[in-house]
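The values are calculated or read from the model by the stated rules, or taken from the named source; none is laboratory data. From a predicted model like this one, the values you see are computed outputs, not experimental measurements. As a convention, Cβ positions derive from the backbone with ideal geometry for all residues, glycine included, and neighbour counts pool all protein chains shown.
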Amino acid sequence: MHRHPSNLEPLPPPDGGGRPGHLPGLPHAAAPDPAQIDPAVLGALLHRHGWLRRGGPAGRYGRWTPPGHDTTSLLVPENRSFPDCTDLLEEALTALTRSTLPSAREVVYGLSVPSDEIRWEREVPPGAHGLEGEAAWTAQEQLRSAARQLLLAGALAARAKAGYHGARHRARAERDLDTVLVGPQPGGRHLSAYVPVDGGRGLVTRLHHALHAAREAADYQRATGGMEAFDAAVAAGVSRELAEALIALVRGSEGARIGLAWAPAAGVPAGCAARPEPVEFSPGDLPVLREAAARYTRDEKAVPVRLAGAVVRMRRSAPGGGGTVRLRVLAGAEVPYVRAALGEEAYRVAGHAHLVGLPIRISGRLQRRGGFRRLTDATGVSPVPLDEVERDRLMKSLDASPFDPADVLPSDD
């Protein structure tokens, strides 16, 4: 895949300032120590980001120049067997840190925070005068949105395998994306995401398997007319969320390609190719992907649960009888809130628990309709005993977002 230089976001351009040992524009990353840098990793990162080796004795040193800038060069040793290795690495690192080239910042970030890279290429029709102004901005936002959807689908699949996740695991999956950096290109045709290996390798590995499984399932359907391959692809991480992300990526384009490269410092994960082939999708795949998304939604079954939650809203149409309650889930289900219809006695128990500041336990079935936020066949409504300290902690937690349910319920539950 052809490399295009990009600006990492939310990284601001280096301003040359900052405290010693800190890289301006690289959040949560200290400048790498030249004594700890593996020359092979630096060479791999330079090559990945478009730098060219233009000579140097084989097995000793290489002279690298950035794309389109022949006046700048780095002398990089190939291994640590020479006494001046650390000095040369320090000089190269200093030059990269001071450089205003986006590719230089990406190389330094790759040394500081080993990250897997995901790349998107989207073929957007240029029109008579190319993509300019608002059209280019719109295309770029479409690509960013679709890329985030794909990353979220990978994060969801890394937490659980399901044809349709709905609201399950979504809050934690979204937090998994907090450390991801992106480098968009004007025009909405190219985008790169850098996912730190520490905490993100599982996401990228699962997305890698899911994309290839989705491609194979789409090919099978187009060849045979059967959708069975999409059923088997759930085990690889394919879901309604992934299908919808691919639809968003391809829609309005002439095709899209997703490729990835593993962090050189971390090696290749088990079961994956060292240089994975890019996965391509075209507008001809859209009907298949839409059918798969609908199939996953339709086939996902209700989930039996017994959960604990704090009552945050109650409603009924008359003073007597049952009504509907909304619970903030504390344990028992991977969704933040559920809604449940209760009979008169259960509604009374829930109301009393709400008045005295206690959570309740409740059993039922989480329905896929509405994203697993609706609890049906509710039974076994009972208050959860808390002492004064735990009750106070609960009330404070309800006002905090996000919160840790383990800080709310008794530890011996």
**Complete:** The condition from (1) within 20 Å of R298 (Cβ to Cβ); (2) in contact (Cβ under 8 Å) with a residue 60 or more places away in the chain that G255 misses is numbered (1)
**The one condition in (1) at pLDDT 80 or above; (2) loosely packed, with under 13 Cβ neighbours inside 10 Å that P77 fails to fulfil** = (2)
**Asked** So which residues in the range 346-376 are without any contact (Cβ under 8 Å) to a residue 12 or more places away in the chain and in a loop (DSSP other than H, G, I, E, B)?
**Response** R369
**Candidates G16, G50, G62 - the one that is modelled with pLDDT of 80 or more and in a loop (DSSP other than H, G, I, E, B)** = G50
**Request:** Find the helices (runs of 4 or more DSSP H) located wholly in the range 146-240 whose residues include 2 or more that are in contact with a Pro (Cβ under 8 Å, 6 or more places away or on another chain) and within 20 Å of P276 (Cα to Cα), and list them.
**Result:** 197-224
**Asked** Consider G271 against the criteria (1) surrounded by 14 or more Cβ atoms within 10 Å (Cβ to Cβ); (2) assigned to a loop (DSSP other than H, G, I, E, B): it satisfies all of them except one. Which criterion is unmet?
**Response** (1)
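The rows are residues; the columns are (1) touching a strand residue (DSSP E or B) at 6+ places or on another chain (Cβ under 7 Å); (2) over 19 Å from R168 (Cβ atoms); (3) aromatic (F, W, Y).
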{"residue": "L330", "(1), (2), (3)": "yes, no, no"}
{"residue": "A333", "(1), (2), (3)": "yes, no, no"}
{"residue": "V338", "(1), (2), (3)": "yes, no, no"}
{"residue": "Y347", "(1), (2), (3)": "yes, yes, yes"}
{"residue": "L355", "(1), (2), (3)": "no, yes, no"}
**Request:** Tell me, yes or no, whether the range 167-181 has at least one residue that is assigned by TED's automatic domain parsing to the domain that holds R290, among the hydrophobic types (A, V, I, L, M, F, W, C) and more than 30 Å from K301 (Cβ to Cβ).
**Result:** yes
**Request:** Would you tally the residues in the range 194-222 being at pLDDT below 95 and hydroxyl-bearing (S, T, Y)?
**Result:** 1
**Item:** Residue count, the range 301-327 (criterion: outside any loop (DSSP other than H, G, I, E, B) and either basic (K, R) or closer than 17 Å to S382 by Cα (or both))
**Value:** 16
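Here is a yes/no grid of residues against (1) crowded, with 22+ Cβ neighbours inside 10 Å; (2) hydroxyl-bearing (S, T, Y); (3) not assigned by TED's automatic domain parsing to the domain that holds R295:
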residue	(1), (2), (3)
G188	yes, no, no
S192	yes, yes, no
H209	no, no, no
R215	no, no, no
Y220	no, yes, no
G225	no, no, no
